[in-house]
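Colleague: Below is the structure I would like to discuss, written out as structure tokens.
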Amino acid sequence: MITRGAWVVVVALVALVAACASPIAGAPQPAPPPSAQPGGGLPLTPAQQRLADLFAQVRSWDVCAMHDVDAAARVTGYAPDELLPYREPGTCRLVVRDPSGVSEWELQLDVFPVIPAEGAGEPLDVGGVRMPQVRDDSESRCAYSYPIGDPQEGDEPWGIELSVYHLAPDKAPCEVAREYATAIAPQLADPPLRAAGGTAPALDITASDPCALAAAMVPVMSDGTPLGPDALDVGDIGPYRCAVTASAGDGTRTRASVEFVLADADEVGSTVVGGFPGARNPLGIDCQALFAPQDVQLVGNPGTSPSVPVVEIDAGCDRIDALAAAAAGAVAPAAAARPREDALVLGDLDPPPTAEGVGAPFDPCTVVGGWDAYPPEVQPATPRPAVPMPVRPEDPFQVGCRFNAGEMFSSLVWGTPTDDGFSADPAARGAGAVAVEFAGRPGVEQTSTNAGNGQPTCYSAVQLTHGIAAVVTTVPGDPCRVNRAVLEQVAGKVP
């Protein structure tokens, strides 16, 4: 157990650390009947059509609802931290953290081709279904795949892949994967549907078929000229991607692709694409256009940028705008069903406390304009907000905010004094603590050495009418100088 008196070192350390089986017997629930044939009417091969049918089913599944937060906590011994789609709408990652907040397990569910691991052990039997070990396992990672569909001879097998990862695991990754796969076996056998509204926000982008959007782009690719069946080739298809190549009579070939991905919210909205907020980017000799067909942001842990589901179009620069507009016109309408009242909210599973929630007289993240309280020479080169801090049971403060930039790691917090060192009284701090004043109010300073990087650290605190404000900073040079700049302003503003 970490004592409250060790908070100075813990905060600095945390800042410094701040990664072929038989088919299913009894297929999962089918998707609701689509408004058009899966594959968008493109000339698919029989094998591609079987995949398109499967992918229509996959898009109806709520992959994040397949996770079991309580089971993940039991299996790993860690606390639930974050649940979010990752890279694309059909991949969902559950992160659990150890009590110190430093170490984490990542448990990810995805629909992916079954690629048996070299030298894999025995398949895992889950409810009578054999899950082979897949990918390349290591001391840090292990994955198993739950086969889906009923592939014919020569078809590429697909499965619901469970992958677990820990940089320095305190438990064998394959053991965690086996236990968690067993726990979520019912969801693997009968995946929850997005129509059931089990998670929020709803990702309506999954109602669209990427090949239907690709089909809408074909007239633009052919300049309006009808194409014969042999002039259009469908290449790479997946649950959330589709690529087509059109061949003109003169031998000219035009390729374009559609993919549903998650993009950084800051990258979307710089322009309008197909009537939606979007962006345009160079892509080697080609171009890329993004647009967000629904108004939703996925917000995870503090300090990470929100993401938005977007349609990504990759094609030649001379046609990119017209292609994107055609794809945007083919986006399916939002689903009628909405998240249930008891839906699991995607994002941060243990949000930091707020100043209002704990009765603090100020918000550490905004009390004096955030970073404006810090000396200019330690501020980040690119402006960014401060990061609210999680508060663990052993932490003495009740609300806090982290200000890290370059070589500086700093935290401003509020709380009530404790009897083991969280105090503005030098006598309570012990050896090395000296009495100082901040804006005429009594306080304390105490220097030490950060055990993680050997840099000087300073603890400073000032007595307020209600509770104390404290700053812990690790930075080369004089960290107490930084603390004084911050607390002078806090003490002068907060009653």
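Colleague: Working only within segment 70-100, note down all residues that are surrounded by 22 or more Cβ atoms within 10 Å (Cβ to Cβ) and among the small types (G, A, S).
Modeller: A72, G90
Colleague: Can you give me the number of residues within segment 262-276 that are open to solvent by 20 Å² or more (accessible area, probe 1.4 Å) and in contact with a Leu (Cβ under 8 Å, 6 or more places away or on another chain)?
Modeller: 3
Colleague: Do you know which residues across segment 369-385 are among the aliphatic types (A, V, I, L, M), in a loop (DSSP other than H, G, I, E, B) and open to solvent by less than 20 Å² (accessible area, probe 1.4 Å)?
Modeller: none
Colleague: So which of A328, A315, A322 is crowded, with 20+ Cβ neighbours inside 10 Å and over 30 Å from A196 (Cβ atoms)?
Modeller: A315
Colleague: Please go through (1) hydroxyl-bearing (S, T, Y); (2) open to solvent by 40 Å² or more (accessible area, probe 1.4 Å); (3) under 22 Å from E156 (Cα atoms) for S60 and return the number of the only condition it doesn't satisfy.
Modeller: Exception for S60: condition (2).
Colleague: Continuing with the same structure: Could you please tell me which pairs satisfy a Cβ distance under 6 Å, a separation of 6+ or placement on different chains, a first residue in segment 182-194 that is closer than 13 Å to G128 by Cβ and outside any strand (DSSP E or B), and a second residue that is open to solvent by 40 Å² or more (accessible area, probe 1.4 Å) and not acidic (D, E)?
Modeller: A185/G127; A189/G127
Colleague: Considering D204, D223, D230, which residue is open to solvent by 50 Å² or more (accessible area, probe 1.4 Å) and more than 17 Å from A326 (Cα to Cα)?
Modeller: It is D230.
Colleague: Do we find that E407 is modelled with pLDDT of 95 or more and open to solvent by 30 Å² or more (accessible area, probe 1.4 Å) in this structure?
Modeller: no
Colleague: Kindly provide the set of residues from segment 386-423 that are of a type in the set (D, E, K, R) and either in contact with a His (Cβ under 9 Å, 6 or more places away or on another chain) or not in a strand (DSSP E or B) (or both), ordered by number.
Modeller: Result: R392, E394, D395, E407, D419, D420.
Colleague: Do the conditions hold for G284, that is, is it open to solvent by 60 Å² or more (accessible area, probe 1.4 Å), small (G, A, S) and farther than 16 Å from A322 by Cβ?
Modeller: Judged against the criteria, G284 is a match.
Colleague: Within segment 129-137, is even one residue surrounded by 18 or more Cβ atoms within 10 Å (Cβ to Cβ), of a type in the set (K, R) and within 19 Å of the chain's Cα centre (by Cα)?
Modeller: No, there is no match, as no residue in segment 129-137 is surrounded by 18 or more Cβ atoms within 10 Å (Cβ to Cβ), of a type in the set (K, R) and within 19 Å of the chain's Cα centre (by Cα).
Colleague: Collect the residues in segment 101-115 that are more than 30 Å from L51 (Cα to Cα) and open to solvent by less than 20 Å² (accessible area, probe 1.4 Å), keeping them in residue-number order.
Modeller: Correct list: W105 only.
Colleague: Where the second residue is among the charged types (D, E, K, R) and open to solvent by less than 50 Å² (accessible area, probe 1.4 Å) and the first is within 22 Å of P239 (Cβ to Cβ) and lies in segment 260-277, which pairs have Cβ atoms under 7 Å and are six or more apart or on separate chains?
Modeller: Partner pairs satisfying both residue conditions: F260/E88; V261/E88; V261/E312; L262/E88.
Colleague: Please specify each residue of segment 460-485 satisfying the condition of being under 33 Å from the mean Cα position of the chain (by Cα) and either within 12 Å of F362 (Cβ to Cβ) or part of a strand (DSSP E or B) (or both).
Modeller: Matches in segment 460-485: A469, A470, V471, V472, T473, T474.
Colleague: Sticking with this one: For segment 235-259, which residues satisfy the criterion of being assigned to a strand (DSSP E or B), open to solvent by 10 Å² or more (accessible area, probe 1.4 Å) and of a type in the set (V, I, T)?
Modeller: I237, T245, T254
Colleague: Quick one: would you say T366 is part of a loop (DSSP other than H, G, I, E, B), closer than 15 Å to G492 by Cα, hydroxyl-bearing (S, T, Y) and open to solvent by 30 Å² or more (accessible area, probe 1.4 Å)?
Modeller: Criteria met by T366.
Colleague: Another question, if that's okay. Go through A469, A431 for me and flag whichever is among the small types (G, A, S) and surrounded by 14 or more Cβ atoms within 10 Å (Cβ to Cβ).
Modeller: A469
Colleague: Residues in segment 310-328: is at least one within 23 Å of V95 (Cα to Cα) and under 25 Å from the mean Cα position of the chain (by Cα)?
Modeller: No, that holds for no residue.
Colleague: Additional query: Looking for whichever is closer than 16 Å to A214 by Cα, in contact with a Pro (Cβ under 6 Å, 6 or more places away or on another chain) and hydrophobic (A, V, I, L, M, F, W, C) here; the options are V310, V331, V296. Which one fits?
Modeller: After ruling out the rest, the residue left standing is V331.
Colleague: In this structure, is A324 out of contact with any helix residue (DSSP H, G or I) (no Cβ under 8 Å at 6 or more places or on another chain), outside any strand (DSSP E or B) and at pLDDT 95 or above?
Modeller: Against the criterion (out of contact with any helix residue (DSSP H, G or I) (no Cβ under 8 Å at 6 or more places or on another chain), outside any strand (DSSP E or B) and at pLDDT 95 or above), A324 qualifies.
Colleague: OK, next. Taking segment 345-363 only, how many residues are open to solvent by less than 60 Å² (accessible area, probe 1.4 Å) and either of a type in the set (A, V, I, L, M) or in contact with a Phe, Trp or Tyr (Cβ under 8 Å, 6 or more places away or on another chain) (or both)?
Modeller: Adding up the residues that qualify gives 7.
Colleague: Go through segment 190-201 and count every residue that is touching a Phe, Trp or Tyr at 6+ places or on another chain (Cβ under 8 Å) and open to solvent by 40 Å² or more (accessible area, probe 1.4 Å).
Modeller: Here the count works out to 1.
Colleague: Please determine whether any residue of segment 347-359 is within 30 Å of D204 (Cα to Cα), assigned to a strand (DSSP E or B), under 23 Å from the mean Cα position of the chain (by Cα) and aliphatic (A, V, I, L, M).
Modeller: Looking for residues that are within 30 Å of D204 (Cα to Cα), assigned to a strand (DSSP E or B), under 23 Å from the mean Cα position of the chain (by Cα) and aliphatic (A, V, I, L, M), one finds none in segment 347-359, hence no.
The values are calculated or read from the model by the stated rules, or taken from the named source; none is laboratory data. These figures come from a predicted structure and were not determined experimentally. Using ideal geometry, Cβ is built from the backbone for each residue, glycine included, and neighbour counts are taken over all protein chains shown. The accessibility values were calculated without ligands, DNA or RNA, using every heavy atom of the protein model including side chains. Shrake-Rupley method; radii C 1.70, N 1.55, O 1.52, S 1.80 Å.
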